[in-house]
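The values are calculated or read from the model by the stated rules, or taken from the named source; none is laboratory data. Remember, it's a predicted structure, so these values are computed and weren't measured experimentally. We place every Cβ from the backbone using ideal geometry, glycine too, and count neighbours over all the protein chains shown. Please note that ligands, DNA and RNA were not included when accessible areas were found on the heavy atoms of the full protein model with its side chains. Shrake-Rupley method; radii C 1.70, N 1.55, O 1.52, S 1.80 Å.
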Amino acid sequence: MFGLELSMIWAVLIAVAVFIYVALDGFDLGVGILFPFAKDARERDQMQAAIAPVWDGNETWLVLGGGGLFAAFPKAYAALMPAVYLPIILMLLALIFRGVAFEFRHHARERGRRFWTAAFAGGSFAAAVAQGLVLGGFVQGVRIENGAFVGGAFDWLTPFSLMVATALVIGYALLGAAWLVFKTQGALFDRARAWLKQASLLVMLAMGAVSLATLGVDPRVTARWGVSMTNVDWPVFVRLAPLPVIAAMLCVFLWRGAEGRNHLTPYLLAVGLFLVGYVGLAVSLFPYIIPFAMTPADAAAADNALSLMLWGALVLLPVILSYTAYVYWLFRAKVGSDGAYH
Amino acid sequence: MELEAVLLARLQFAFTIGFHIIFPAFTIGLASFLAVLEGLWLWTKKPHFRNLYLFWVKIFALSFGMGVVSGVVMSYQFGTNWSVFSAQVGSVIGPLLAYEVLTAFFLEASFLGVMLFGWKRVGPGLHFFATCMVAIGTLFSAFWILAANSWMQTPQGFEVAEDGTFVATSFMEVVFNPSLPSRFAHMVVAAYLTTAMVVAGAAAFGLLRRRANGENRTSLRMAVLMMAIVAPLQLVIGHESGVVAHEHQPAKVAAMEGWWQTRSGQPTILFAIPDEAGERNHAEVAIPRIGSWVVAGDMNAEVKGLDAFAPADRPPVFITFWAFRVMVGLGLAMIALGLWGAVLWVLRKLDGANWYHRALVLAGPSGFVAVLAGWIAAEVGRQPYVVYGVLRTVDAVSPVAVGSIAASLLTFLIVYAIVFSAGALYILRLIERGPDSDEPEPVSRQPPGSPLAAAVEER
């Protein structure tokens, strides 16, 4: 279709879905990660109210990511999931705890309420850690023979994946803080601004560290960037240099934007930062759908399945994006100090 | 693959899907019930419809939340535990699941936000629209997932490529496979019945507590009406489903019915203890010849028994046989309760019939049990295949260490036990309190189920 490989179109579509997931669920997971730093129960209510109407839709992008990978690239899905079995299960369990906590916090009495508050914070944190471990385990490569995973149960657990997990927790906290700047007022708003400044500093460090470490995961990544521990291949690196430069600029803008007048700007900047990191990762790993083992063409479903789904996606995704935008527009107001929308 | 790994993976899938299905079985019906309530409120302006809506939407929010989080688990179970299955049939059923996400999940999730938090932010018409979108979303979702499940029961419209993967030759045939129509109807009606049983139980409980308000009386009548019409209808649909199974999955029907020998004039067995080693039934109580009449329409028809299949191709008999009996038994009880209620209604004795109300409270959870039993009969009856007749379950499992599966299964058991107990407790608390005649409008800050939230502060 249009002279493009169907499998490549689907790889891009799924990459976009995963990015939308990260940008959207990232902020509501981030709010959960920041939960322990709230002053009191009233602030926690406001924080949860800032995400309650939209979290479910945000999480659906994760289902699209997983379901889409299954449908469009069954062989990649089948090879990858057993490889990151334990962190995936951890993520699912964590998402259960934080998901039900939205409702349960309001129905429980005293002790139960404390439990579900902890479950919301802990679940959000653990989900972010698990996603970081999956990402780290994915980027460092998966042992595959004849299309099946042949590694051990803990192959994903390396210093690199732990580093990625730490970075992702910080990154989600940044998105969460930025979202709270957009959605809250009063004392919580001031606090969110402070969190935003701290998080943007930490993110700069974490992103730098992960970027450097990624160069070391495979010689192919090193060659693509033209950067190794001992040597910089300038002609190669210069073409990609805008990415780290833009990332550094965005961090500075975020630091300064925390004080700015437009309260949505920090969130957009934070998403921009994630986008730069995401593009950087894509550059490193292209054209693999499972790093260094499978390309989209290797892993793709049959052409008739891909084209059937493409037509559906072309018609339905714009519809989905419009009503998602409508719901965000509907709940655009700041949350009041009583936790209500005004 | 080691047998232990297969067994543990099956247990994990059975447990996670069994836990999950409880919630859709309830929310499919409840979403439609809420749409009807809100429609009646807008049309008649009678306040008890509004109060019932505001009451049941709280329970909907709790149940839907649990359904969503247990559903996310399912979208990854295929890959984590059944990766060979995923790789082989992805090109056939993957698109069905993708369409489920695109047509149903986003619709439900987005409009749920409006439904729960938009009572004061949007006009009544738009709010009603949001409720309808959620209700329609639940039905779309049921359609696609049942299309995928039905294809696994009665596969068609595919061929096996050289590398062993399945490729669709016709997606129309894949989606509209022989067992889809009856299975879809059977499941949706089961969901409506499940909801009717819960609503009837809650209303009856309120009436027993001497809360004969308009809300409880109205919801009791709506539930009895539903039961009286839909429970007998379900018998007819279930029968059709059985006829389809008889044609395409005779081993499953033989196991459900406890027929060991192929013969003419098969009986309908009321009670038996199937003995798989001895290939016979103990303590059998049966009505002769009715079985053949039910599945083949002729009392003297010859119908296959389990002896027509090699032992390696037979499903587990005991579980299939008894799960099927539990489902049918509860279905018959629902028909009886529907009739009893209809008679009381005609005699104008519905509000004061204490024994009937007690029976309804007892039968409140019967829909859940029947749905679970029905699913066990259908899915255990499909064994030893994951795609009936084509791909065996033992050949479909992931290359994952036994320890990982066992550890994750144990954790799922613990987490689901906590989440389920808490959720059930909160729902039962709400039901115990019952709908008020002046149900407060939700402040949009919180899920509408939080009258206590302002009063109870955590420390």
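Some points to look at:
Each row is one residue, and each column tells you yes or no for (1) in a helix (DSSP H, G or I); (2) at pLDDT 90 or above; (3) within 21 Å of B:Ser150 (Cα to Cα).
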site	(1), (2), (3)
B:Gly367	yes, yes, no
B:Ala373	yes, yes, yes
B:Glu379	yes, yes, yes
B:Val394	yes, no, yes
B:Ser398	no, no, no
B:Ile405	yes, no, no
B:Ser408	yes, no, no
B:Leu413	yes, yes, no
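- Within segment B:347-359, residues that are open to solvent by less than 30 Å² (accessible area, probe 1.4 Å) sit with their Cβ atoms under 7 Å from residues that are of a type in the set (Gly, Ala, Ser), at 6+ positions apart or across chains, in these pairs: B:Leu350/B:Gly341; B:Tyr356/B:Gly341; B:His357/B:Ala204.
- For segment A:288-302, the tally of residues that are open to solvent by 50 Å² or more (accessible area, probe 1.4 Å) and either facing another protein chain (nearest Cβ under 9 Å) or not in a helix (DSSP H, G or I) (or both) stands at 1.
- Screening A:Val84, A:Val63 for residues that are closer than 30 Å to B:Gly164 by Cβ and open to solvent by 10 Å² or more (accessible area, probe 1.4 Å) leaves exactly one candidate, A:Val63.
- Only one of B:Leu306, B:Leu339, B:Leu332 that is at pLDDT 85 or above and buried (at least 17 other Cβ atoms within 10 Å of the Cβ): B:Leu306
- Restricted to segment A:204-256, and to residues there that are hydrophobic (A, V, I, L, M, F, W, C) and not in a helix (DSSP H, G or I), the residue that is modelled with the lowest pLDDT is A:Met229.
- Here segment A:304-314 is the region considered, the condition is being open to solvent by 20 Å² or more (accessible area, probe 1.4 Å) and more than 9 Å from every other protein chain (Cβ to nearest Cβ), and the residue that is farthest from B:Gly157 (Cα to Cα) is A:Leu314.
- Close pairs (7 angstrom Cβ cut-off, 6 or more residues apart or separate chains): facing another protein chain (nearest Cβ under 8 Å) in segment A:316-327, β-branched (Val, Ile, Thr) anywhere: A:Leu316/B:Thr103; A:Val327/A:Val54; A:Val327/B:Val114
- Pick from segment A:67-116, criterion assigned to a loop (DSSP other than H, G, I, E, B) and not charged (D, E, K, R), ranking: farthest from B:Met66 (Cα to Cα): A:Phe73
- From A:Ala127, A:Ala94, A:Ala167, residue being facing chain B (nearest Cβ under 10 Å) and surrounded by 24 or more Cβ atoms within 10 Å (Cβ to Cβ): A:Ala94
- Failed item, numbered, when B:Leu102 is tested on (1) under 23 Å from the mean Cα position of the chain (by Cα); (2) touching a residue at least 24 places away in the same chain (Cβ under 8 Å): (2)
- Complete set of residues in segment B:360-372 that are over 20 Å from B:Val188 (Cβ atoms) and open to solvent by 20 Å² or more (accessible area, probe 1.4 Å): B:Val361, B:Leu362
- Residue selected from segment B:99-138 under the condition within 18 Å of A:Ile320 (Cα to Cα) and open to solvent by 50 Å² or more (accessible area, probe 1.4 Å), by the criterion farthest from the other protein chains (Cβ to nearest Cβ): B:Ile136
- Checklist (1) open to solvent by 10 Å² or more (accessible area, probe 1.4 Å); (2) within 20 Å of B:Phe420 (Cβ to Cβ); (3) more than 17 Å from the chain's Cα centre (by Cα) applied to A:Lys75, failing item: (2)
- Entirely in segment B:175-288, the helices (runs of 4 or more DSSP H) that have 2 or more residues that are surrounded by 15 or more Cβ atoms within 10 Å (Cβ to Cβ) and aromatic (Phe, Trp, Tyr): B:180-208
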